[in-house]
1. Determine the percent antiparallel among the DSSP beta bridges restricted to region 110-265, to the nearest 5.
2. Any idea what the relative contact order of region 261-360 is, in percent, if you count C-alpha pairs under 8 Å spaced at least 6 apart?
3. To the nearest 10 square angstrom, what accessible area does residue 69 show with a 1.4 Å probe?
4. Cα atoms only, the chain: Rg and Dmax in Å?
5. Between exposed chymotrypsin sites (Phe, Trp or Tyr not before Pro) in the chain, where DSSP calls loop and at most 12 other Cβ atoms lie within 10 Å, what's the longest gap?
6. Return one number: the angle in degrees, 0 to 90 and rounded to the nearest 10, between the long axis of the Cα atoms of helix 403-414 and the longest principal axis of the Cα atoms of the chain.
7. For a label point 7 angstrom out from the Cα of residue 328 toward its Cβ, which stretches of region 346-367 have the backbone nitrogen within less than 19 Å?
8. Would you tell me the accessible area of residue 174, worked out with a 1.4 angstrom probe on the heavy atoms of the protein chains, in Å² to the nearest 10?
Amino acid sequence: MSRIVQALLSMSGRVTMLGLSRWAGAGGSFRTVQRFFNTVICWPNLFCQFFRRHLYRPGGEYFLVGDESVVTKAGHETHGLDYFFSGLLNKVVKGISIFTLSLVSVEERRSYPLRVEQVIRTEAEKAAAKERKQKRTKKDKSAPKKKRGRPKGSRNRAKSQVELSPELQRIQEMVKKQLEMLQNWLSVRYLVLDGHFGNKHALQMTLQCGLQLISKLRYDAALSFVYEGKQKRKGPRKKYGQKIDYRNIPDEYLVEKSTKEGIETRIYQAQMLHHEFAQLLNVVIITKTNLRTGAFANVNLFSSDLELSSAKIIDFYSLRFQIEFNFRDAKQFWGLEDFMNVKEVPLTNALNVSLFMVNLSQVLLREFQETHPNSGILDLKAHFRAAKYFEETIKMLPQKPEPILLEQIFAQLTTVGSIHAVNVRPSPS
């Protein structure tokens, strides 16, 4: 592992097993790298112990974030190869999909991956997805039209009793396992998911894990205020009040108002009801109006925690995007897009190594930035690459130069490929 980490930090080009072996040096032959990638490793424990030892700040505020990332792959042999929707490409692509759970530090404004699992869809899931697609694309005109109203003989069902989809079952199992690892030393209260999970099923899944959900509703969600009028003496109590009009929300729910560059922004917060959800929702509505053209847009965030402030809901949901930076770094620097493994165990190790390096690089950057302010991962890799070149070059010299000259040569090498290079004084003639 130490040899592979050194190779990842110093290498250029695609991150493959052959590429790693060429940069790993002594003790990192191709067969050794192959054996490593074919070894079953308990990555969740490794992620958790590394985070606790090197990244955790006692007393800090953390919450869980989950998101899916799609890696495009060709061929037919890769384990779990399927067709997935890529939000980055905005279309369905052939590849593999991973779901990642991360801890986000509110103080540091940074996400740290803790658990990575590949999404493997069963044949039943594939058949159900295909059936839904056919229903959307081709409607049977000969089928009898559905009658309006409630079917005769149907009975009331509790909205909290929902059947979780295989996708939510997988996520729920991941969350429960992660909470078991954190329960003795870190308390987590919130799970933040994107708008894909802004529904009653995801909410019940989160509540069953003992967490509170923060997510996003559709822009045209059919929300209603709580009814506060007089109730009838007989019959069921009325709970749904006036339906929301996003362009005319009562000022009593206004939290903040600002205008910048001709755009008026309003933030509203209210406890509201949705016909699909079993409980009250803590809803934060952000509206933006172009004062010149009248163009209007709104975003609806919500939480199952009724006591959470609007500022916290907005801040936590904004920090959810930090996990996207994890995926970006893993693909750009640590080989998430480069691996050529096709079998399950090597593929699992390749996926986890790339995201483990996201955490490890943050630890190295903390120390590196003390002497190289504003440095990023490119500067860090340039430094380790220079160290590799320097080490191999010194071995070939018949006589070792003076320490001062060695230091100046190394400092000059580190500037090659760096973005924020430190100025190097020219060596004395």
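The values are calculated or read from the model by the stated rules, or taken from the named source; none is laboratory data. Predicted, not measured: the structure shown is a model, and the values here were computed from it. Counting neighbours? That spans all protein chains shown, and the Cβs are built from the backbone with ideal geometry, glycine included. Remember, those area values only see protein heavy atoms, side chains included, never the ligands or the DNA or RNA. Shrake-Rupley method; radii C 1.70, N 1.55, O 1.52, S 1.80 Å.
1. Here the antiparallel bridges make up roughly 60 percent for region 110-265.
2. Numbers: 120 pairs, mean separation 17.8, N = 100.
Relative CO of region 261-360 lands at 18 percent.
3. Rounded to the nearest 10, the figure is 10 Å².
4. 26.9, 101
5. 220-429
6. 40 degrees
7. 354-363, 365-366
8. 10 Å²
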